[in-house]
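Here's the structure, in structure tokens; my notes come after.
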Amino acid sequence: GLEKLVIRGELPGADGRTQDTVLSVALAGGRAPVSRFSAPSDALVRTLSDYDQKVVRMRQRGLTYPYEIVRLLTPDHGGGEGGLPPGQFTELDLGDDGALTPVHRPYGRNTANIVVGLIENRTATCPEGVRRVVLLGDPSREVGSLAEQECRRIIGAIDLARRERLPLEWFALSAGAKISMESGTENMDWIALVLRRLVEFTQEGGEVNVVVTGINVGAQPYWNAEATMLMHTRGILIMTPEGAMVLTGKTALDYSGSVSAEDNLGIGGYQHI
């Protein structure tokens, strides 16, 4: 995650006398380091944008901001990091009629705890593009907890994949059903409706591919299992080293006096399982 290294010291000048010099090495973007020498400056360090602040906060917690995953999957040119082909992302959100529609806004302006969109990658064997519907949990917003607004978007994504006969890619990260004094059991009703749509979609031959990118608690691992582990499903489940699927998180288990593990990865991480 290191973006820039700045070293200030003294170097011999052309006249033989030492002079105060700054060496900066830029490391951002996965490219080769770029170094340059300059004179010291009194200019203030530029404030990070709201987007970059979110990226840094998630990185400090060992998490990945969802739009960074989008950027990884849709490079401008092929042959980049991981050899991924060039692609594009169209973000979708609920319109006034309650249906998913394309939205044109800067990355990071999502109003729900999940990001929805269409991703298309162009390859030599498929120049017209490989399209799929994508869902990404947002850990920067209530650790991706799930309530009506998230479930409406997930249902909309499933319905879109069903209409367009596209696979659904789900980068799953969620703290489970939202617990709030403003919302109660209706959150579980919405979660049950998503579960029904997942079962119906996969029974009709729909494909759901789940990548577990972080801690999945409660409703999210139920959905992951139903979408990828039933005998009739066509999709796959990929566990990353940072991913875990637990029905009840470590903190809740410890608070109730139950026996848990050293952390959530110990309960439901792929290495232990």
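List of remarks:
- Some residue of the stretch 192-203 being within 26 Å of Glu148 (Cα to Cα), within 23 Å of the chain's Cα centre (by Cα), modelled with pLDDT of 90 or more and among the basic types (Lys, Arg): yes
- Within the stretch 129-168, restricting attention to residues that are surrounded by fewer than 22 Cβ atoms within 10 Å (Cβ to Cβ) and under 15 Å from the mean Cα position of the chain (by Cα), the residue that is farthest from Ile179 (Cα to Cα) is Ser140.
- For the stretch 169-184, the set of residues classified as among the polar types (S, T, N, Q) and open to solvent by 10 Å² or more (accessible area, probe 1.4 Å) consists of Ser180, Ser183, listed by residue number.
- Taking residues in the stretch 1-18 that are at positive phi, and partners anywhere that are assigned to a loop (DSSP other than H, G, I, E, B) and not polar (S, T, N, Q), not one pair has Cβ atoms closer than 7 Å while being at least 6 places apart or on different chains.
- For the residues Leu118, Leu136, Leu94, the requirement of being closer than 24 Å to Gly235 by Cβ and in contact (Cβ under 8 Å) with a residue 60 or more places away in the chain singles out Leu136.
- The condition (being closer than 23 Å to Leu168 by Cβ and touching a residue at least 24 places away in the same chain (Cβ under 8 Å)) is satisfied by just one residue among Asn264, Asn187: Asn187.
- Scan of the stretch 99-125 for residues that are touching a Phe, Trp or Tyr at 6+ places or on another chain (Cβ under 6 Å) and not hydroxyl-bearing (Ser, Thr, Tyr), ordered by number: Gly108, Gly117, Ile119
- Residue list for the stretch 94-118, filter: buried (at least 19 other Cβ atoms within 10 Å of the Cβ) and outside any loop (DSSP other than H, G, I, E, B): Leu100, Ile114, Val115, Val116, Gly117, Leu118
- Matching residues, the stretch 195-229, being of a type in the set (A, V, I, L, M), surrounded by fewer than 20 Cβ atoms within 10 Å (Cβ to Cβ) and under 16 Å from Leu173 (Cα atoms): Val211, Ala225
- Test: residue in the stretch 149-162 that is touching a residue at least 12 places away in the same chain (Cβ under 8 Å) and over 19 Å from Asn209 (Cα atoms): yes
- Of the residues examined, Arg71 is not one that is touching a residue at least 60 places away in the same chain (Cβ under 8 Å) and open to solvent by 40 Å² or more (accessible area, probe 1.4 Å).
- Condition met for Val34 (surrounded by 11 or more Cβ atoms within 10 Å (Cβ to Cβ) and of a type outside the set (Asp, Glu)): yes
- Residues of the stretch 238-265 that turn out to be under 28 Å from Arg131 (Cα atoms) and crowded, with 21+ Cβ neighbours inside 10 Å, as a count: 3
- Every residue from the stretch 119-141 that is touching a strand residue (DSSP E or B) at 6+ places or on another chain (Cβ under 9 Å), in a loop (DSSP other than H, G, I, E, B) and not acidic (Asp, Glu): Arg122, Thr123, Gly129, Pro139, Arg141
The values are calculated or read from the model by the stated rules, or taken from the named source; none is laboratory data. Please read all numbers here as calculations on a predicted model, not as lab measurements. Glycine gets a Cβ as well: all are built from the backbone with ideal geometry, and neighbour counts include every protein chain shown. Areas reflect the complete protein model, heavy atoms only, side chains present, ligands, DNA and RNA absent. Shrake-Rupley method; radii C 1.70, N 1.55, O 1.52, S 1.80 Å.
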